[in-house]
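In what follows, a structure is listed as structure tokens, so that the remarks can point back to it.
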Amino acid sequence: MSGRAANGFRERVVSLFNDCALAPTVLDFENCVNELFEVGGDRAKEFVASIPLYNWANAYFPGKRYGEMTSNAVESFNNWILEARKLPVLKCVDTIRVQIMTQMCERKQLSRKLNGVLCPEYDAKLREFFNKGRTWTVFGSSDEVFEVSSLPADVSNYIDPLYTADAFRLSYDYPIHPVPISTLGVAEVSENSAVILPLILPPKTRRPRGRPKVARIRSRGEKVRQIRCGRCKKLGNHNRKRCKEACD
């Protein structure tokens, strides 16, 4: 929404809209959107009606939904490329490419050795839970003969397909090929040829003292209080002392 707003009104409307977007059920969404319409009025109704609900509302998302937001996968990948992050940009990208390419190749070779329906880790968990949860009904026939009855069923059918061996093979089915030198656009320069290279000037400001920050970039769903830097006058998570913006 654009235009002038009273103090705190815009923040209130944005907060209510976020509540609508993150509501886990349709009932919670209806309660949140009614409160949004009471505060935002007709402009809020027009804005909500202009975009499909499944594009922004968690309650109407057609795929699989989860009740928590986590960055564990990002942090795990960040820890995996820790050494590559210290390299220059081009070398960093190429190092990460080689890491992923090598891992894809190793996992593909491993997938060829899987014989069961599930991956080994989840097959072991399934057997453990099956042994703990199964029940047998025993009927005595004589002192030495017993009849055991149970419900025959393939419990692997109740496991999410993502944990199957076929899904594992499909995940690493497409290899990452090396980048040919001919596709990089590197021009062959002889000693007598004149090539005009772009003029690269040094940065306007010096690099700050100390070790560079390696903190992760927070996701949009995390609420972080922003401050205005006294040097570059921009909103962010840094102050004048830690400002890295180039200023004239």
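The values are calculated or read from the model by the stated rules, or taken from the named source; none is laboratory data. As the structure is a prediction and not an experimental result, all values here were calculated from the model. Please note: Cβ atoms are built from the backbone with ideal geometry, for glycine as well, and neighbour counts cover all protein chains shown.
Of the residues making up region 11-34, just one is farther than 16 Å from Asn58 by Cα, surrounded by 14 or more Cβ atoms within 10 Å (Cβ to Cβ) and not hydrophobic (A, V, I, L, M, F, W, C), namely Arg12.
For region 159-171, filtered to residues that are touching a residue at least 40 places away in the same chain (Cβ under 8 Å) and more than 13 Å from Leu114 (Cα to Cα), the residue that is surrounded by the fewest Cβ atoms within 10 Å (Cβ to Cβ) is Ser171. Among residues of region 58-92 being exposed (fewer than 13 other Cβ atoms within 10 Å of the Cβ) and β-branched (Val, Ile, Thr), the one that is modelled with the lowest pLDDT is Thr70. Output yes when any residue across region 52-70 is over 17 Å from the mean Cα position of the chain (by Cα) and in contact (Cβ under 8 Å) with a residue 40 or more places away in the chain, and no when none is. No, every residue in region 52-70 fails to be over 17 Å from the mean Cα position of the chain (by Cα) and in contact (Cβ under 8 Å) with a residue 40 or more places away in the chain.
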